[in-house]
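Working notes for the structure below.
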Amino acid sequence: MATLLVLDSSARHERSHTRRLTRLFAERWRALRPHDTIVYRDLGATPPPPVDAEWVAAAFSAPEERTEQMRRALATSDALIDELERADVLVLGAPMYNFGMPAQLKAWVDQVVRVGRTFAFDPANPTDPYQPLLRDKTAVLVTSRGDRGFGPGGPLAHMNHLDRHVETVLRFVGAELVATVAVESDEWDDEHLVRTREAATREVERLARLLAERVSTGADGASFDAARGSVGDARASSEPAAHAAGASDA
């Protein structure tokens, strides 16, 4: 059996594109693999606490030197990392807020990117001091954008600080981001929104099927890439010129 971890970080609920799509992924996964474990965490409703000085002192102390107070400071971090370690597939719902990730998701990132738990640091190796400690993790990013043109090759791609941030964090700790699925143009409520929403729905269903097959067969990343085709950033096939650079969405 496998474990699917679903994270939602949108501040919205009923009107959230990302929540609808992460829920669809989980539903399709459940239908395909009914015996798997699905873990759901709503970061938008219950965000982790931000790291503070006490957390930093505890995280950078050797485990055997930590006091009880330090261990309490790291309790949330330990729980979130344990949850991530158990996951085989991660589906991350992350709307673009002001060109980056929601604060709720950034709080989760700061709790799980931790030396000695999710990455190793070797100062004796200055050319390559950081090594990921997680293994065999596959991730899908489901995002939404208030305007159009933030995807690869789009006129506002240089302002998209969400997708690359998520990919960098996941790679740093040892997870493979295999696809990004995006809904665009929410602020305009136009035909482009309808097209990208429909395209994203189809892509999420396809990714759920392909990843479920990958878990079942133990296929490697190259096999998955060949099966899924060019997913990268799934949007509508056309990319009209951007409107004003609004980027707040859910």
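Of the residues making up region 22-39, those that are without any contact (Cβ under 8 Å) to a residue 40 or more places away in the chain and assigned to a helix (DSSP H, G or I) are R23, E27, R30, A31.
Between V169, V215, which is under 19 Å from the mean Cα position of the chain (by Cα), under 28 Å from A87 (Cα atoms), modelled with pLDDT of 95 or more and not in a loop (DSSP other than H, G, I, E, B)? Walk me through how you get there before you give the answer.
On the way: V215 fails: modelled with pLDDT of 95 or more.
Residue meeting the stated conditions: V169.
Collect the residues in region 172-200 that are in a strand (DSSP E or B), farther than 15 Å from A94 by Cα and hydrophobic (A, V, I, L, M, F, W, C), keeping them in residue-number order.
In the first step, residues of region 172-200 are kept if they are in a strand (DSSP E or B); the result is 175-183.
Imposing the further condition that a residue be farther than 15 Å from A94 by Cα reduces the set to 175-176, 178.
Matches in region 172-200: A175, V178.
Residues in region 183-221 that are among the hydroxyl-bearing types (S, T, Y) and either surrounded by fewer than 21 Cβ atoms within 10 Å (Cβ to Cβ) or out of contact with any Asp or Glu (no Cβ under 6 Å at 6 or more places or on another chain) (or both): S185, T201, S216, T217.
Name the single residue that is surrounded by the most Cβ atoms within 10 Å (Cβ to Cβ) among those in region 54-76 being of a type outside the set (A, V, I, L, M) and touching a residue at least 12 places away in the same chain (Cβ under 8 Å). Break it down stepwise before answering.
First, pick out the residues of region 54-76 that are of a type outside the set (A, V, I, L, M): 54-55, 60-61, 63-69, 71-72, 76.
When the remaining residues are screened for being touching a residue at least 12 places away in the same chain (Cβ under 8 Å), the result is 54-55, 60, 63, 69, 71, 76.
Working: E54: 13, W55: 19, F60: 11, P63: 11, Q69: 10, R71: 12, T76: 17.
Among residues in region 54-76 that are of a type outside the set (A, V, I, L, M) and touching a residue at least 12 places away in the same chain (Cβ under 8 Å), the one surrounded by the most Cβ atoms within 10 Å (Cβ to Cβ) is W55.
The residues in region 1-51 that are crowded, with 19+ Cβ neighbours inside 10 Å, touching a strand residue (DSSP E or B) at 6+ places or on another chain (Cβ under 7 Å) and basic (K, R) can be counted, and the count is 1. Note on region 46-93: among residues that are among the hydrophobic types (A, V, I, L, M, F, W, C) and in contact with an Asp or Glu (Cβ under 8 Å, 6 or more places away or on another chain), the one that is farthest from T180 (Cα to Cα) is M70. Residue count for region 184-220 satisfying the condition of being without any contact (Cβ under 8 Å) to a residue 12 or more places away in the chain and at positive phi: 2.
The condition of being surrounded by 17 or more Cβ atoms within 10 Å (Cβ to Cβ), out of contact with any helix residue (DSSP H, G or I) (no Cβ under 8 Å at 6 or more places or on another chain), within 23 Å of P49 (Cα to Cα) and not polar (S, T, N, Q) holds for only one of A94, A79, A87, that being A87.
Hey, could you check region 4-21 for residues that are free of Cβ contacts under 8 Å to residues at least 60 places away in the same chain and assigned to a loop (DSSP other than H, G, I, E, B) and say which is farthest from I81 (Cα to Cα)? In this case the residue turns out to be E14. Within region 148-203, the set of residues being under 29 Å from L133 (Cα atoms) and among the aromatic types (F, W, Y) comprises just one member, F172. Scanning region 105-122 for residues that are more than 12 Å from the chain's Cα centre (by Cα) and not aromatic (F, W, Y) gives A107, D110, Q111, V112, V113, R114, V115, G116, R117, T118, A120, D122. Just one of the listed residues (T180, T143, T127) is among the hydroxyl-bearing types (S, T, Y) and surrounded by fewer than 22 Cβ atoms within 10 Å (Cβ to Cβ), namely T127.
The values are calculated or read from the model by the stated rules, or taken from the named source; none is laboratory data. These numbers were taken from a predicted model, which means no experiment stands behind them. Here the Cβ is made from the backbone with ideal geometry for all residues, glycine too, and neighbour counts use every protein chain on show.
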